[in-house]
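Some notes on the structure that comes next.
Every read-out reported here was derived from the displayed coordinates using simple, explicitly stated rules and does not represent laboratory data. Note that the structure is predicted; figures quoted are calculated from it, not measured. Here the Cβ positions follow ideal geometry from the backbone for every residue, glycine too, while neighbour counts run over all protein chains shown.
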Amino acid sequence: MNNEQFNNRNVSENAYYLVDIEDYPTDGWGKFKRVLKRTFRGELFVGLWVVLREMIKFDIHTIQYPQEKMPIGPRYRAVHEMKRLWESGTERCIGCGLCEKICISDCIRMDTKIDENSRKEVSEYSINLGRCIFCGYCAEVCPELAITHGGRYENGSEQREHFVMYEDMLTPIDQLKAGNQLEFDGFGAITPHEDERVKKTPLAY
Amino acid sequence: MSKITINIDGKEVQTQEGEYILNAARANDIFIPAICYLTRCSPTLACRICLVEADGKQVYACNAKAKDGMNITTSTETIEAEKRAIMEVYDVNHPLQCGVCDQSGECELQNYTLEIGVDSQSYAIKDVDRSSKDWGHIHYDAGLCIVCERCVTVCKDMIGDNSLKTVARGADALDEQYKESMPKDAYSMWNKLNKSVIGLTSGGEMLDCTSCGECAAVCPVGALVDTDFMYKSNAWELKQVPATCGHCSAGCQISYDIKHTSIENTEDKIYRVMNEWNYVSLCGAGRYGYDYENKVQAKDEAAFARAVEAFKKADTVEFTSTITNEEAYILQSLKEKLGLKLVNKEAKAFQTFLKDYSQISGTALYGSDLKVVHNSNFVVSVGSALKSDNPNARYALNNSMTVNKGAGIYFHPVSDPVIDGMGKSIMSVNHAPLQEEAVLYLILDLFADKSKLPSSVVDYLASFHKEKTITVEETIKEKVVEIVKEMKVNEETGEEEEVEVEKSKMVPKKVSKEVQIDENTLLALVGADAKFEENLEKNLKKKDAFALMVGPDLYTHPRSGNLARLVALVEKYSDFEVTMIPPLTNSLGVALICELDDEKGSYTVGYNTKADFTLSALGNGECDLDMPAMNQQEGTLTSINKRVNPTNAALAYKGYELNDIANALGMSAANVIDYTAALPTSAGFKSEAFDNLPNHYENDGTEVRGYLLENKEVEVSSDESVEPFLADTLEGAVIYLANPVRQFTEFTNKTTGLDEIAGVYMSEAYLSKSELNGGDSVKIKNDNGELVATVISDNKIAGDIVLLPTFDSKLNSEALFSSYRFATASIQKV
């Protein structure tokens, strides 16, 4: 591959040009002239006219938040969600603790124990949203696609520390049955053509 | 052993003649992968990944001994191919469930798979059902097991329980084409691996062992896991606090693994105890008995003021040896300041014993330690119920037998199936209680250099020998000629006819012969069996390193002074190196630091023992002022190895400690560890600040922990006479003051991980002879007192002596004993 375009680090050569700006006045008389020019040129009215024109057109782009909301992109990283398995409806989280480990703002904490079926069970799980920087590492590291980000970005609160618990993040079972659980497209999602890249392990069956 | 130089990958390395290449490399920071090898145990040769090329020949570094001038290459093309194939084989059918595996993050399979760079799999075999099993305190998941046999090795070579073995897996044979296509070592390793999983030697469903948990500690993967730790926490979340175990005198290095209790409770909690299993092996108490901290929520000022008043009023402080050296120093200083008496029975007995011993030996302390026992090949133990008094001493005994092909004699009145299970080369002699003197005389007789021994002793010993004529039956072979009739074919006629043939043959014949032998009547006195001398002769072949361990039975013996002198004579005039087992955690430290008194005064302050005013770390509500437990304290502990080991506080403590009382009484130190440097140098301590004390092991196994006590010379008396032994015995049913394995004190009793119950421990044979059953209540009574206890059937003891434990003060076993650990009593069912 030709690397020339990368090797030329003289960025100003052709891609940049100087904006044509008048020199700033240096003496008193020049400054006085600038004040007069700015005052009587009517630039203020230009702005007012634009507002007036758009108002008369009734083609208003303002979103009436919070009554109206913009759709959020599928890769947007807001408050976390915990997903369930499509087939059985059981929780995907296996309590491996990788999200807790990788979290750079140290806001995830979980308790695990052995359940009555001798399986690892997550007994408590919390994320301190006051500390979370929504970097997406937890979703990326999750081996089960259990923790993901969601589109719920409204997490204002009266105090710095505020927590979201496991039950609140988990897809409600009726929502799952209704097919409303959305897979997350962002960090941690399976990349396209994954199958082609994987080396298959031989099986003796 | 001489120093030699070998060359590993171009690096000149100094090592000992006969050292394994792997150990030589590790000691010099050269990395050779190895999974199945355990330092201090014999090579298993299961993983074969430690392949190296020595002088052009492929050898396994874990069992090839270094020779002078050897040239070793750790990496060649074939070796790399083997390693890669071995790791791929280990990954065959290994579940990809690292997320829910307790070993994840400290898993050697994960580490080596990454290290070798296994990114694809070439081999496959049909898996068989390998379901997980609950073995009691250990959980075994055969699906995760890579059959490196480390657990089997450690149980056999170090612990001596022999509870684990490999059993058949029942898998299909490997595909034949692999034999051609695979690297050779990887194929044979897989072939073996594919035939076995780990099972219980007993064939039962549950582990019946001394429950040390060492198998789970050494497991490189998550196959063997402590049941109480399962799925509680990931390895990487735990913070490790290096410490010294506070349960017995072995002073094992441990690390308390701590983490916040839960999401709601941010206070630290100990999740498990880990050890450097290559260099130190723990017992069940050390491993599972960690949650004995004293949870005190706040400083109780009123109680503290009362405590200070109590100290001012008191004339005696009674305490146990579960305290640090610094606390012992504080008590000694308070004694000097306030004129208190210090009472600690078990440390006093040990102190007196050491004093009596040093009169002949000329040193303040015994000369040897457990490391010497590990490396010796003939070990004798006298006066200690090894497995419960000091588990590490038992490991040392077992280790010397398995790894050094050693032998030993275990003298103890209570017969012990665990010791007998160590193999044929250990001879158990169950002498009668009170006969410890006779035992030491026997050792002198058998092993001491008679030309140097004091003549009075030689004469005394000679009085036990007599000429005896016995009739020996010998079998000799005699030639007998007999005439046999045989059918033969006559060559001329072709018919069969009878022919008489002369045949001679050798026939064994028994002949009686009278021979003069020297009979050692001491043998019969201590109860050695008829074959003792014969076995001893066999066991003594090729033995050159002798070790003697003596235990607490001797210190409390009515004639402990004489015993101490005998022990000194054994050390002085025989090849035996002597180690004494201190009775409790820091008995040695207390014996060195404190001047102890015999009798209590009128008003006593008790530290961890019930008295007029009680300070206690037990937190059981019976004390007047709470103290921090050993896992909440900084300080040093003096171990059996004469080492002053530092221990750190794993958990926070919010109450008052002894130092606060001392400060209120006119001493002045911000922290109790300020006294570490003040420990008496005259007793062998060093003037070293606590923060300078290291606590770790080097790669070559060097123990870099605290410092070793200096064994001070003391004035020797020229009088080396010893008194003849008393032939007293205990008549009737004998009781013995000893704890079950894993229990030492009230502190081990308090932990949730150790579930032994206090009662009277009886052997199965004893129970079947009597009309008693496990669970019955019995009344045990003698002149000293009486108590009612539950009968517990214990298959870890044998014989007729019953054990009364001390770990639960509610039972108050001590009330039945005057001072000696044995006593007689009547046992009746109630």
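Ranking request for peptides A:115-123, B:196-204, A:43-51, B:748-756: highest mean number of other beta-carbon atoms within 10 Å first, then the rest in descending order.
B:748-756, B:196-204, A:115-123, A:43-51
Lys pairs in segment B:466-526, Cα-Cα under 19 Å, at least 8 apart or on separate chains: how many?
Here the count comes out as 13.
Could you go through segment B:175-188 in sequence order and give the Karplus-derived ³J(HN,Hα) for each residue, using 6.51 cos²θ - 1.76 cosθ + 1.60 with θ = phi - 60°, rounded to whole Hz, and x for Gly and Pro?
So the J values, rounded to whole Hz, are 4, 5, 5, 5, 4, 7, 7, 8, x, 4, 5, 4, 5, 5.
Please state the charge dipole magnitude for segment B:40-83, taken about the Cα centre, from unit charges on C-beta atoms (+1 on K and R, -1 on D and E), reported in debye and rounded to the nearest 20.
Roughly 280 debye for segment B:40-83.
Which listed residue (B:628, B:470, A:36) has the Cα farthest towards the positive end of the charge dipole for the protein assembly as shown, taking +1 on Lys and Arg C-beta and -1 on Asp and Glu C-beta about the Cα centre?
Projecting each Cα onto the dipole axis, the largest value belongs to A:36.
Sequence-distant or interchain residues sharing an amide H contact under 5 Å with residue B:341, placed H: which?
B:316, B:317
Quickly work out the residue A:199-to-residue A:153 label distance, labels modelled 7 Å from Cα along the C-beta direction, and quote it in nm with one decimal.
4.2
Could you pull out every one of the lysines with an alpha carbon less than 17 Å from that of residue B:312, ignoring same-chain neighbours closer than 8 positions?
The qualifying lysines are B:335, B:337, B:341, B:600.
Under the definition of partner shielding as Cβ atoms of other protein chains within 10 Å of a residue Cβ, what is the mean value for peptide B:230-238?
That works out to 5 on average.
Is the C-alpha gyration tensor of chain B telling us rounded, prolate or oblate? Criteria: a/c under 1.5 is rounded; beyond that, a/b larger than b/c is prolate, otherwise oblate.
oblate
Could you give the nm distance between label points at residue B:716 and residue B:456, where each point is 7 Å from its Cα heading toward the beta carbon?
1.7
Does segment B:466-526 come out rounded, prolate or oblate by the C-alpha gyration tensor, with a ≥ b ≥ c the root eigenvalues, rounded set by a/c under 1.5 and, if not, prolate when a/b is larger than b/c and oblate if not?
The shape class here is prolate.
Under a Cβ-only charge scheme (Lys and Arg +1, Asp and Glu -1), can you give me the dipole magnitude of the protein assembly as shown about the Cα centre, in debye to the nearest 20?
Its charge dipole is roughly 1940 debye.
Any idea what the relative contact order of chain A is, in percent, if you count C-alpha pairs under 8 Å spaced at least 6 apart?
21
Neighbour counts of other C-beta atoms within 10 Å: give me B:279, A:153 arranged from fewest to most.
Fewest-to-most Cβ neighbours within 10 Å comes out as A:153, B:279.
Okay, helix-only estimate at 222 nm for chain B: each DSSP H run of n ≥ 4 adds -39500 (n - 2.57), divide by all residues, round to 500 deg cm²/dmol; what do you get?
-7000 deg cm²/dmol
For segment B:449-457, what does the Karplus curve 6.51 cos²θ - 1.76 cosθ + 1.60, with θ = phi - 60°, yield as ³J(HN,Hα) per residue in whole Hz, taken in order and with x for Gly and Pro?
For segment B:449-457, the Karplus-derived couplings read 7, 5, 6, 9, 4, x, 5, 4, 5 Hz, x marking Gly and Pro.
By count of other Cβ within 10 Å, fewest leading, how are B:463, B:777 ordered?
B:463, B:777
Any chance you could check the Cα centroid distance between segment B:22-64 and segment B:581-656 for me, in angstrom?
For segment B:22-64 versus segment B:581-656, the Cα centre distance is 44 Å.
Could you run the Karplus curve 6.51 cos²θ - 1.76 cosθ + 1.60 with θ = phi - 60° over segment B:89-94 and give me ³J(HN,Hα) per residue in whole Hz, x for Gly and Pro?
Computed from phi, the couplings for segment B:89-94 are 4, 4, 7, 4, 6, 6 Hz.
Across the residues of B:90-98, average count of Cβ atoms on other protein chains within 10 Å?
For this peptide, the per-residue mean of nearby foreign Cβ atoms is 2.
Give a quick list of GluC sites (Glu not before Pro) in segment B:1-110 that DSSP marks as loop, anything other than H, G, I, E or B, with at most 14 other Cβ atoms within 10 Å.
Filter output for segment B:1-110: B:17.
Name the aspartates and glutamates eligible as straight-distance cross-link partners of residue A:69: C-alpha to C-alpha under 15 Å, and not fewer than 8 places from it in the same chain.
Hits, sequence-local ones excluded: A:154.
According to a simple spin-label model (label point 7 Å from Cα along Cα-to-Cβ), what is the distance in nm between residue B:181 and residue B:769?
Inter-label distance under the simple model: 6.6 nm.
Pairs B:259/B:371; B:133/B:195; B:259/B:654: which exceed 27 Å Cα-Cα?
Over 27 Å Cα-Cα: B:259/B:371.
Sorted from fewest to most neighbouring beta carbons within 10 Å, what does the list B:139, A:80 look like?
By the 10 Å Cβ count, ascending: B:139, A:80.
Anything over 27 Å Cα to Cα? Flag those among B:57/B:83; B:165/B:541; B:387/B:642; B:348/B:450; A:113/B:750; A:120/B:810, in the order listed.
B:165/B:541; B:348/B:450; A:120/B:810
Determine which residues of segment B:1-37 fall in the zone a paramagnetic label at residue B:704 would reach in this model, i.e. backbone nitrogen under 12 Å from the point 7 Å along Cα→Cβ.
Residues passing the 12 Å test: none.
Work out the length of the dipole vector of segment B:564-646 about its Cα centre, built from +1 on the beta-carbon of each Lys and Arg and -1 on the beta-carbon of each Asp and Glu, and round it to the nearest 20 debye.
Here segment B:564-646 has a charge dipole of around 320 debye.
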